[in-house]
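Asks: The structure under discussion is supplied below as structure tokens; questions concerning it will follow.
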Amino acid sequence: MTTPLTRRQRYEQRTKRRSFAIAAASTIVVLAAVVVLLPMTSGWQKVRHSFFDGSILRFSLGHMLGPFWYDVQIFLWCAPCILLGGLSLAFARNVRSPALFPLRLFSTIYTDVFRGVPMVLWITLIGFGVPGLLQSRNLGRAVIWGSVALIAAYSAYVGEVFRAGIESVHESQRAAARSLGMTSTQTMRHVILPQAIRRVVPPLMNDLVSLQKDVALISILGPVEVLRQAGIDKAKFFNFTPYVAAAVLFLCVSVPLTRTTDHLLQRERRRTGATAVR
Amino acid sequence: MRRSARLGTVMFIAAATLLAACGSDTKDAAVPTTTDPAATVAGSAASSAATTTAATTTAATTSTPTTSAPTAAGATKATATTAAPATAALTSAAATTTATTAATTTAAKIAVNPATCVAGKTLTAGKFTVATGNPAYSPYVIDDKPESGKGFESAVTYAVAAKMGFKNADVVWVRTGFDEAIAPGPKSFDANIQQFSVTADRAKVVDFSLPYYTTNQALVTTKTSKFAKPKSMADLKTAKLGAATGTTSLTFITGVIKPTSAPQVFDDNAGAAQALQNNQIDGLIVDLPTAYGIVNGGGMTDGNLAGQFQRLSTEPGDQLAYLITKGSPLTECINGALKQLTDDGTLAKLATTWLAQGTDGVPIVPRG
């Protein structure tokens, strides 16, 4: 650190500082514009009261933590199932043996059907339909069939992401692995998948963040999770602030989630990037 | 790294701004929230039950349209000072909704002559624009056709319109959801009728007319359910109950019945009825006329109207009223019309015509 900087390094430092200053200044200008201009709109007082009522926000945040934890729990058991389901679908879609063609066909049809229907409909159809067949209090619990609907539909989306990742690995990699004597399973396990998964982490995160929000749709079936609690509070006060409180809670989870992934990816890029010559 | 640090800074500023916005809101909360004195009428559990019943009958200040505002405002202010602070209502109201109900009808502004009152106060001159739900449910609106005049709320609306000097053809129906009715901004209706229950918290945000109907909460089960014939409310402690979101029925479950398992909450009564059919819940709590509509409307194959819950003399019941924009000059005109309809017995007659079939003779489930 004590060694004097080269001219090049000094120049780079200067440009970095300069760009940071510009970014900070423009951010402040935009925010100031929002803070100054927004209250000048004619309906601001009403909107502020309806959406940003301080006392209702505190009231809502306080008793929404329980329902929100319920959301997080559902997310936590759905996410691994979805990753497994998605991966299985991707494998099924990539089988090359002619004997396994039905598997491939099933995977294709499954993906088409489950991606083609809105999530709300799947949750309503599966969540009210299957318990209707079962007529059992324990097996028919809304949270079970709501989760099943989420897992079933999200697996279709995630399966396509994995498939894209697997197909993005160049055929020569497969050829090279096979010529080294690896079986087709070993090739998949040790050569294709590690590269494929690394490539699809950003779109996977996309789906996971989206799942974290769609968990709230289970409320259609009866459980009181955070969005439902917000709706109840809204109806109690005739005020939309509880929704803002719910939004804040969701952001508290999804922003760190995405930031962490970005950070990990960047580290990964630095580690494996083309410039890292050994 | 540099990039993420910058992003972090931006997010921090954004979060701080949001917090600041809400913080400053609480400091001068008096400005937007309490411009109307009636807004501070916050019936608490302790005070409202006793005062409400007296207030509804006596404190209604009758006045001419021109001088109504100052007198009524003075009357409301007196009530407001005796009411519990709004923050207390915030935390306690969930448990006491039925008790707080109707605190807001105290000191309602009532025009003596609704027919001369309305001039220039409606959205469209010469028309009375009324909103209802989408869909609107029987027996409040028959066949989802409010313009037919069939169904209780539809009939009441035409009677109110007539008292205000509108011909039937001048009544224009529009549809709104629940959220649309309470969202800030200009409204598409003069008055909204879809079984809005009056509560003190809600009356801080919108105007309610005088109630056009008072009902009890009722229990719907399947015919074979072990809760099909409850002897008292205590029998329902172990029941898994459901209700539609945002209803006073839901607050009745959490605040009055207090069963051991958490209530299930649905988007609407159709979803709740389905869950009941699926044996996912033991019972569904709705207002009495709606209960009749669910059991007999074809939505359920083995629905059973198990009973209506006893109302204590200190409770006002579930009072249904028109929802009107906060501070609307039309409120006193609609109140004037409703008062005349109450006094001449029309409201009672309409209730008999449209609701009696479903509400008469339903067994009463006592408290305890």
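Readers should treat all values here as calculations from the given coordinates under stated rules, not as data from a laboratory. Here the structure is a predicted model, which is why all the values come from computation and not from measurement. Heads up, the Cβs are rebuilt from the backbone with ideal geometry, glycines too, and the neighbour counts pull from every protein chain shown.
Asks: Suppose the chain between A:Leu37 and A:Lys16 were pulled fully straight at 0.36 nm per residue; how much longer would it get relative to their current alpha carbon spacing?
Replies: 4.4 nm
Asks: Just to confirm the filter: which trypsin sites (Lys or Arg not before Pro) across region A:1-101 are DSSP coil and have at most 15 other Cβ within 10 angstrom of their Cβ? Walk me through the intermediate numbers first.
Replies: On the way: sites: A:Arg7, A:Arg8, A:Arg10, A:Arg14, A:Lys16, A:Arg17, A:Arg18, A:Lys46, A:Arg48, A:Arg58, A:Arg93, A:Arg96; in loops: A:Arg96.
Those satisfying the criteria are A:Arg96.
Asks: Quick one: work out Rg over Rh on the C-alpha atoms of region B:179-302, Rh as Kirkwood radius. Before the final figure, lay out the partial values.
Replies: On the way: Rg = 15.7 Å, Rh = 15.7 Å.
Taking Rg over the Kirkwood Rh, I get 1.00.
Asks: Still on this structure: Within 10 Å of each Cβ in A:56-62, how many Cβ atoms from other chains are there, averaged over the peptide? Write down the numbers at each step before the final one.
Replies: On the way: counts 5, 6, 4, 4, 0, 0, 1.
Going residue by residue through A:56-62 and averaging, the value is 3.
Asks: Okay, moving on. Would you list the P(r) distribution for region B:266-368, with all Cα-Cα distances sorted into 5 Å bins from 0 and each bin expressed as a whole %?
Replies: Distribution as computed: 2, 10, 15, 17, 17, 15, 12, 7, 3, 1 percent.
Asks: Also: Given R₀ = 60 Å, what would the calculated FRET efficiency be for A:Val95 paired with B:Ala115, taking r from the Cβ atoms and rounding to 0.05? Each step should come with its number before you reach the end.
Replies: On the way: r = 79 Å, r/R0 = 1.32.
With R0 = 60 Å, the Cβ-Cβ based efficiency is 0.15.
Asks: Would you order A:Cys81, B:Cys333 from fewest to most other beta-carbon atoms within 10 Å of each residue's own beta-carbon? List each step's numbers first, then the result.
Replies: Details: A:Cys81 16, B:Cys333 32.
In increasing order of surrounding Cβ atoms, one gets A:Cys81, B:Cys333.
Asks: If you don't mind, another one. Of B:Asn269, B:Ile257, B:Leu288, which is farthest towards the positive pole of region B:217-309's charge dipole, taken about the Cα centre with +1 and -1 on the beta-carbons of Lys, Arg and Asp, Glu respectively?
Replies: B:Ile257
Asks: Now for a different question. Would you please name the chymotrypsin sites (Phe, Trp or Tyr not before Pro) within region B:292-348 that are DSSP coil residues with at most 10 other C-beta atoms within 10 Å of their C-beta?
Replies: On the way: sites: B:Tyr292, B:Phe309, B:Tyr322; in loops: none.
Sites meeting the loop and neighbour criteria: none at all.
Asks: Okay, next question. Can you compute log10 of I(q)/I(0) for region A:70-223 with the Debye formula, treating each Cα as one identical point scatterer, at q = 0.10, 0.16, 0.19 Å⁻¹?
Replies: Calculated log10 I(q)/I(0) at the listed q: -0.42, -0.89, -1.12.
Asks: Follow-up question, since we're still on this one. Using the C-alpha gyration tensor of region B:148-213, what are the square roots of 5 times its eigenvalues, in whole angstrom, with the largest one first? Walk me through the numbers on the way to the answer.
Replies: Values: eigenvalues 95, 41, 25 Å².
Ellipsoid half-lengths, sorted descending, are 22, 14, 11 Å.
Asks: Would you mind getting me the FRET efficiency between A:Ser210 and A:Trp77? Use the beta-carbon distance for r and R0 = 22 Å, nearest 0.05. Write out the running numbers ahead of the final one.
Replies: Details: r = 17 Å, r/R0 = 0.77.
Efficiency, rounded to the nearest 0.05: 0.85.
Asks: Rounded to the nearest 0.05, what FRET efficiency is calculated for A:Val29 and B:Lys229 with R0 set to 56 Å and r the Cβ-Cβ distance? Walk me through the numbers before you get to the answer.
Replies: Values: r = 70 Å, r/R0 = 1.24.
The value I calculate is 0.20.
Asks: List the trypsin sites (Lys or Arg not before Pro) within region B:204-255 that fall in a DSSP loop (any state other than H, G, I, E or B) and whose Cβ has at most 13 other Cβ atoms within 10 Å.
Replies: Values: sites: B:Lys204, B:Lys223, B:Lys226, B:Lys231, B:Lys237, B:Lys240; in loops: B:Lys204, B:Lys223, B:Lys226, B:Lys231, B:Lys237, B:Lys240.
Listed in order of number, the matching sites are B:Lys223, B:Lys226, B:Lys231, B:Lys237.
Asks: On to the next question. Looking at chain A, do any whole DSSP H helices span at least 24 angstrom along their long axis by alpha carbon and average -0.5 or above on Kyte-Doolittle, and which? Don't skip to the end; give the middle numbers.
Replies: On the way: long enough: A:7-37 (45 Å, 0.18); A:54-94 (55 Å, 0.93); A:142-168 (39 Å, 1.08); A:193-214 (29 Å, 0.00); A:241-272 (46 Å, 0.05).
Answer set is A:7-37, A:54-94, A:142-168, A:193-214, A:241-272.
Asks: Using the number of other C-beta atoms within 10 angstrom as an exposure proxy, rank A:Cys252, A:Cys78 with the fewest first. Spell out each step's value before the answer.
Replies: Working: A:Cys252 11, A:Cys78 25.
Fewest-to-most Cβ neighbours within 10 Å comes out as A:Cys252, A:Cys78.
Asks: Here is a further query. Throw me the Rg/Rh for chain A, computed over C-alpha atoms with Kirkwood Rh, two decimals. List each step's numbers first, then the result.
Replies: Numbers: Rg = 24.9 Å, Rh = 23.0 Å.
Ratio value, two decimals: 1.08.
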